[in-house]
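Q: Starting off with a structure, shown below.
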Amino acid sequence: MAYTRDQIYEVLEELGIRNWMRNAQVMGDDIILDIVSPSPAMHERKRLEVALKNAFAENLPGSNLKLTISVDAPEPKQEIKGSELPGVKNIIAVASGKGGVGKSTVTSNLAVSLSQMGFKVGILDADIYGPSMPIMFDCEDGKPYSVEVNGKTKIKPVESYGIKILSIGFFADTDQAIVWRGPMAAKALNQMTRDAYWGDLDFLLIDLPPGTGDIHLSIVQQVPITGAVVVSTPQTIALADARKGVGMFQMEAINVPVLGIVENMAYFSPAELPNNKYYIFGQNGARNLAEQIGVPFLGEVPIVQSIREAADIGRPAAMQEDSVVANIYKEIAKNVVQSLVERNTTLPPTEAVRITTMAGCSAK
């Protein structure tokens with residue numbers, strides 16, 4: 001017996017789900033029905049399926065119901081990208097999947113190298129639980145103070161060696177442990193970004209905490225990151241975490257261009273044998289990882305005692321003019337700028353030309 005579409009509609013009306021029907025076809029005794037369930041829960045869909053089969057068996061005996069139940073799920077929402085910081089042209093996140101690989105050391109020296117090229121640079125120390133920038137820039141006693149900007153009270157960053165710096169370390173005692181849950185840490189970061197008066201900056205470097213967590217997501221939601229730099233040592237354990245760090249920025253909901261990977265502690269050359277290289281943590285690990293995942297390799301930093309000493313006394317090693325270390329960091333900074341221009345499609349052409357010219361590399 002052939003049934004009509006009107007009969008199908010009557011059954012659905014009786015169940016009160018007429019509006020849930022997406023499509024219905026009748027082919028002899030076969031009734032092909034496509035229903036959209038408002039609930040994604042499996043038990044709710046199963047209950048709907050049983051109710052439909054019972055209703056059709058009772059009202060349209062002999063019919064052969066072929067049922068498809070889909071879920072009317074809303075389109076996934078993209079993470080909201082943060083609004084621009086007034087006066088800040090480019091924001092670069094410096095991250096590492098693993099702690100202890102020298103991410104903060106790279107950040108401080110990258111900032112100094114960019115400043116030496118003539119750029120106006122700032123650092124946001126977003127490593128809430130282990131802030132190190134006050135020590136690395138010899139400004140532990142620095143205290144940000146309030147200024148009034150356009151009728152609003154703002155935080156003025158501490159300035160050291162021409163770099164503007166904000167860190168939670170300025171607001172806590174040296175021996176005070178910062179034991180905050182995620183929401184509290186996110187609120188503090190929001191204050192240091194949104195309530196700060198950064199002035200005009202070419203680059204704001206954000207020194208992120210190790211790993212991939214809520215702090216990273218909060219930063220991406222609060223400010224528009226121009227690009228990300230990932231720091232790793234050559235050893236396998238660090239590379240596994242660095243891969244995750246790159247993957248985090250490449251997630252669809254975050255979608256931040258990865259400017260490349262820096263290999264820190266790449267090798268050791270003793271002062272008495274400067275031409276000898278000892279690969280203590282493995283050789284070319286980060287370089288090979290960059291090639292595997294298709295991101296630029298920005299450069300390698302050797303294990304040099306002066307880098308550690310410079311960080312400890314609060315004078316970044318990149319300030320050692322014409323030294324091997326300073327030239328290494330300068331080349332990395334140059335590669336970061338070049339990668340930023342090549343990989344960031346939203347960068348205005350005039351800005352691309354300006355920063356590549358200042359960095360001493362060619363705009364493509």
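Q: Looking at the range 267-277, is at least one residue modelled with pLDDT under 95, in contact with a Gly (Cβ under 6 Å, 6 or more places away or on another chain) and surrounded by fewer than 20 Cβ atoms within 10 Å (Cβ to Cβ)?
A: There is no residue in the range 267-277 that is modelled with pLDDT under 95, in contact with a Gly (Cβ under 6 Å, 6 or more places away or on another chain) and surrounded by fewer than 20 Cβ atoms within 10 Å (Cβ to Cβ).
Q: Test residue 252 against the criterion of being surrounded by 15 or more Cβ atoms within 10 Å (Cβ to Cβ) and charged (D, E, K, R), and give yes or no.
A: No: the conditions fail for residue 252.
Q: Find the residue count for the range 143-164, including only residues that are basic (Lys, Arg) and closer than 13 Å to residue 199 by Cα.
A: Counting residues in the range 143-164 that are basic (Lys, Arg) and closer than 13 Å to residue 199 by Cα gives 3.
Q: Note down all Cβ pairs under 6 Å where the first residue falls in the range 208-229 and is farther than 24 Å from residue 264 by Cβ, the second is of a type in the set (A, V, I, L, M) and part of a strand (DSSP E or B), and they're at least six residues apart or on different chains.
A: 223/91
Q: Residue 319 - would you say it is surrounded by fewer than 17 Cβ atoms within 10 Å (Cβ to Cβ) and either within 14 Å of residue 90 (Cβ to Cβ) or touching a residue at least 40 places away in the same chain (Cβ under 8 Å) (or both)?
A: no
Q: Residues of the range 314-364 being in a loop (DSSP other than H, G, I, E, B) and within 23 Å of the chain's Cα centre (by Cα), which ones? Even if it seems obvious, please write down each step before you answer.
A: Restricting attention to the range 314-364, the residues satisfying the condition of being in a loop (DSSP other than H, G, I, E, B) are 314-316, 320-323, 344-348, 360-364.
If the condition is that a residue be in a loop (DSSP other than H, G, I, E, B) and within 23 Å of the chain's Cα centre (by Cα), then 344, 345, 346, 347, 348 are the ones that fit.
The values are calculated or read from the model by the stated rules, or taken from the named source; none is laboratory data. Worth saying up front: this structure is predicted, and the values here are computed from it rather than measured. Neighbour counts are summed over all protein chains in view; Cβ atoms, including those assigned to glycine, are modelled from backbone coordinates with ideal geometry.
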